[in-house]
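One structure is given here, and the rest of the page talks about it.
The values are calculated or read from the model by the stated rules, or taken from the named source; none is laboratory data. As the structure is a prediction and not an experimental result, all values here were calculated from the model. FYI the Cβ positions are ideal-geometry reconstructions off the backbone, even for glycines, and counts take in every protein chain you see.
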Amino acid sequence: MTTQPKKVAVVAIGGNSLIKDAQHQTVEDQYQAARETTCHIADMIEAGWDVAIGHGNGPQVGFILRRSEIAAKVEGMHEVPLDVCGADSQGAIGYALQQTLQNWLFQRKIHKNVATVITQVLVDRNDAAFKNPSKPIGGFMGETEARRREAEMGWSVVEDAGRGWRRVVASPLPKEVVELDTVKALIDAGVVVITVGGGGIPVIDPGDGHYVGTAAVIDKDYASSLLAQSIKADLLLISTAVEKVALNFGKPDQKWLDRMTLSEARQYLAEGKHFAKGSMAPKIQAIIWYLENGGKHAIITNPENIGRALRGETGTHIVQG
């Protein structure tokens, strides 16, 4: 009897997979959203895929930071550093994803374990992003408090569209998944791995080989792409809010895409008018890097259409060429 070769997919799930809208943000709401998403991932596993799951954590880190700020003001509690907020969110989101996915697999009599790996991702301490922090995090402040934190704590702060002052941090490129060997060993053992949560906890090497956490935010699609390249995944699937990618999105000449080649993806991204900078553009860039570094096939679709997209019925498929 011959065994089927492993098919390994990295699935990057977006914020809508955990928080559906502003009215559904509680822990219970997020758990139910995770349960819906992991049902579709269970379909993939039932179809024979080995899966590593990456996820976003922007709102969750924001909630943790806000609680920390309020606790500091009201009770004099210590504030939680950003890298630790990232670790906290990886644990909490991982818990929801691994429990709901494990439940689906048990229900389907699929004997697979699910594990969350608290994952660090190395970034270059000389990355240009550190010279120009631009990612707003945490709550709003008055100018006096913002300037005090800038002076005392070394924060970068900006005035945010008339709504108050906010801290901004760098968004450097991911260079290495620190726990990669662990992730590979788990996948090889048939375990479903939840990893690079929120793009991973950003760490730097100050020069002595000892990693240190840093206040930064890594794009989760970039980190999932790096993971897919590093484990030589057969598929990078980016789950987002739309069923397919569109050219000229939201404009009268909008055109949905079923398929794109790598060269077409490069061209459309370079044109700068098709993909929004904060949403679809990083996903396309992540896929370009994956395909440029030996990747075979990428798909962008929404969670409920993962199964249909894998069968070639929907989604936008990006391939070599």
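Checking each residue in segment 234-290 for being touching a His at 6+ places or on another chain (Cβ under 9 Å) and more than 25 Å from Glu313 (Cβ to Cβ) picks out only Ala281.
The C-beta contact set for segment 17-40 (first residue closer than 18 Å to Leu237 by Cα, second residue among the acidic types (Asp, Glu), distance under 7 angstrom, 6+ apart or interchain) comprises His40/Glu304. Could you please let me know if Val203 is touching a residue at least 24 places away in the same chain (Cβ under 8 Å), crowded, with 24+ Cβ neighbours inside 10 Å and in contact with a strand residue (DSSP E or B) (Cβ under 9 Å, 6 or more places away or on another chain)? Considered against the rule, which asks whether it is touching a residue at least 24 places away in the same chain (Cβ under 8 Å), crowded, with 24+ Cβ neighbours inside 10 Å and in contact with a strand residue (DSSP E or B) (Cβ under 9 Å, 6 or more places away or on another chain), Val203 comes out as no.
Looking at segment 229-245, can you tell me whether even one residue there is surrounded by fewer than 20 Cβ atoms within 10 Å (Cβ to Cβ) and among the hydrophobic types (A, V, I, L, M, F, W, C)? Yes; the residues of segment 229-245 include at least one that is surrounded by fewer than 20 Cβ atoms within 10 Å (Cβ to Cβ) and among the hydrophobic types (A, V, I, L, M, F, W, C).
Picking from residues in segment 55-80 that are in a helix (DSSP H, G or I) and among the aliphatic types (A, V, I, L, M), the one that is nearest to Ile238 (Cα to Cα) is Val61. Condition (residue is within 28 Å of Asn293 (Cα to Cα), within 19 Å of the chain's Cα centre (by Cα) and surrounded by fewer than 20 Cβ atoms within 10 Å (Cβ to Cβ)) applied to segment 163-173: is it met by at least one residue? Yes, some residue in segment 163-173 is within 28 Å of Asn293 (Cα to Cα), within 19 Å of the chain's Cα centre (by Cα) and surrounded by fewer than 20 Cβ atoms within 10 Å (Cβ to Cβ).
The condition of being out of contact with any Ser or Thr (no Cβ under 9 Å at 6 or more places or on another chain), under 17 Å from Leu122 (Cα atoms) and not aromatic (Phe, Trp, Tyr) holds for only one of Asp234, Asp208, Asp253, that being Asp208.
Of all the residues in segment 81-111, those that are assigned to a loop (DSSP other than H, G, I, E, B) and crowded, with 18+ Cβ neighbours inside 10 Å number 0. Tallying residues that are out of contact with any strand residue (DSSP E or B) (no Cβ under 8 Å at 6 or more places or on another chain) and outside any helix (DSSP H, G or I) within segment 165-199 yields 1. Do we find that Gly162 is modelled with pLDDT under 85 and assigned to a strand (DSSP E or B) in this structure? No, not satisfied. Considering segment 279-321, the residues that are farther than 16 Å from Ser225 by Cβ and basic (Lys, Arg) include one that is surrounded by the fewest Cβ atoms within 10 Å (Cβ to Cβ), namely Arg311.
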